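Report on the following structure.
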Amino acid sequence: MNIQTERFGEIEVDETKALELPDGLPGFEEARRFILLPHGEYSPFYFLQSLEQPELAFVVTCPRDFFPQYQPVIPAEELQELDLEADKEPADILVILTVPADPRLMTANLLAPLVINVAKQRVRQVILNGSGYQTRHRIFPDQPQLQKTAVQGEKQPTQVCSGV
Amino acid sequence: MLVLTRKANESIMIGDEIEVTVVEIQGDQIRIGIQAPRSMRVYRREVYQAIQEENRQAAITLPAPEKLGQLLQNMVIKKSLGKKDE
């Protein structure tokens, strides 16, 4: 189907790939259906575009592309809400990025990741109470170190953390 | 806002399924117990607000795809320039 978006104009999306957010997102509780759009073949970024509100979209990424040590512990109740089982493989996770005017300063919200049941296309934003994570973790190292430490991860065609 | 006064070990019911109990009072801190359906998430207010605010910021400041693309290009160039021989 075709949808209107503010950032990308009118685009064609595969409605069968829509992600359902039963409770929306904190701050956007009514936004229940989104689609994930890749930014580009060699980009770690994706756009989470609302199917209901053309102006609503987020930049998201797989957190382990930038934070290999990130080990969110998702509470069992949250996994249950998503029809995921706690003992099985770790759930698929994306994090929302906040991008200021200087995009090098962009941050990831590791305190409240998006937890995804890929098979059922269901998503919840889970707040990791007491985890010690923040809403803003710098994605890129500070400017002076940029040339030495550079970007984490290889620049290869990326799948979203196991193929959403 | 409904304001009720409770002592330690007293409770409040919200609807049929939510019970809020004053577990313990220590000085100016109160330990509050909450029983609610599992599907109902319970947060300290400032935490939930922080997430709401961060989501709003993220949505408002969404960059154009080209801007992200430029950023990635710069990162890749800098990485290859700074690359050490291994």
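The values are calculated or read from the model by the stated rules, or taken from the named source; none is laboratory data. From a predicted model like this one, the values you see are computed outputs, not experimental measurements. Neighbour counts run over all protein chains shown; Cβ positions are idealised from the backbone, glycine included. The protein model used for the area step is the full one, side chains on, heavy atoms only, and it has no ligands, DNA or RNA in it. Shrake-Rupley method; radii C 1.70, N 1.55, O 1.52, S 1.80 Å.
How big is the B-A contact in terms of buried accessible area, both chains counted, 1.4 Å probe, rounded to the nearest 100 Å²?
Using a 1.4 Å probe, the pair buries roughly 3700 Å².
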Checklist line | With DNA, RNA and ligands ignored, accessible area of B:LYS7 (1.4 Å probe; Å², nearest 10) | finding: 140
Notebook entry, point to check: With every protein chain in place, what's the accessible area of A:PHE67 (1.4 Å probe, Å², nearest 10)?
Noted result: 40
Checklist line | Relative contact order [Cα under 8 Å, 6+ residues apart], the stretch A:1-52, whole percent | finding: 25
Check: Any idea of A:TYR133's accessible area? Nearest 10 Å², probe 1.4 Å.
Finding: 60
Notebook entry, point to check: Can you list the aspartates and glutamates whose alpha carbon sits under 17 Å from that of B:LYS7, skipping same-chain ones fewer than 8 residues off?
Noted result: B:GLU19, B:GLU24, B:ASP28
Notebook entry, point to check: Karplus couplings for the stretch A:21-34 from phi (6.51 cos²θ - 1.76 cosθ + 1.60, θ = phi - 60°), rounded to Hz, Gly and Pro as x?
Noted result: 10, x, 10, x, 10, x, x, 9, 5, 8, 7, 10, 10, 9
Check: For A:ARG136, which sequence-distant residues (separation of 5 or more, or a different chain) have an amide H within less than 5 Å of its own amide H, given hydrogens modelled in the peptide plane?
Finding: A:LEU110
Checklist line | Global geometry of the stretch A:1-114, whether rounded, prolate or oblate, following the gyration tensor of its Cα atoms and the 1.5 cut on a/c | finding: oblate
Notebook entry, point to check: Between B:ILE32 and residues 5 or more places away or on another chain, which pairs have amide H atoms under 5 Å apart, with H built 1.01 Å from N, and which residues are they?
Noted result: B:VAL23
Next item on the list: Count neighbours as other Cβ atoms within 10 Å of each site's Cβ, and list the GluC sites (Glu not before Pro) in the stretch A:35-119 that are DSSP loop with at most 14 such neighbours.
Entry: A:GLU41, A:GLU52, A:GLU55, A:GLU85
Margin query: Compute the distance from the alpha-carbon center of the stretch B:46-62 to that of the stretch A:29-60, in whole Å.
Written below: 16
Checklist line | Proximal charge balance of A:ARG33 [Cβ under 12 Å; K/R count +1, D/E count -1] | finding: -1
Margin query: Taking the solvent-accessible surface of protein heavy atoms with a 1.4 Å probe, what is the per residue accessible area of the stretch A:11-113 in Å²?
Written below: 44
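What is the mean number of Cβ atoms from other protein chains located within 10 Å of the Cβ atom of each residue in peptide A:66-78, rounded to a whole number?
Neighbouring Cβ atoms belonging to other protein chains average 1 per residue here.
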Note to self: Taking just the alpha-carbon atoms of the stretch B:1-52, what radius of gyration and Dmax come out, in angstrom?
What the structure shows: 12.4, 33
Margin query: Which trypsin sites (Lys or Arg not before Pro) in the stretch B:16-57 sit in a loop by DSSP (not H, G, I, E or B) and have at most 13 other Cβ atoms within 10 Å of their own Cβ?
Written below: B:ARG38, B:ARG44
Check: Among B:GLN35, B:GLN49, B:GLN26, which one moves the most in a GNM of chain B with springs linking Cα atoms closer than 10 Å?
Finding: B:GLN26
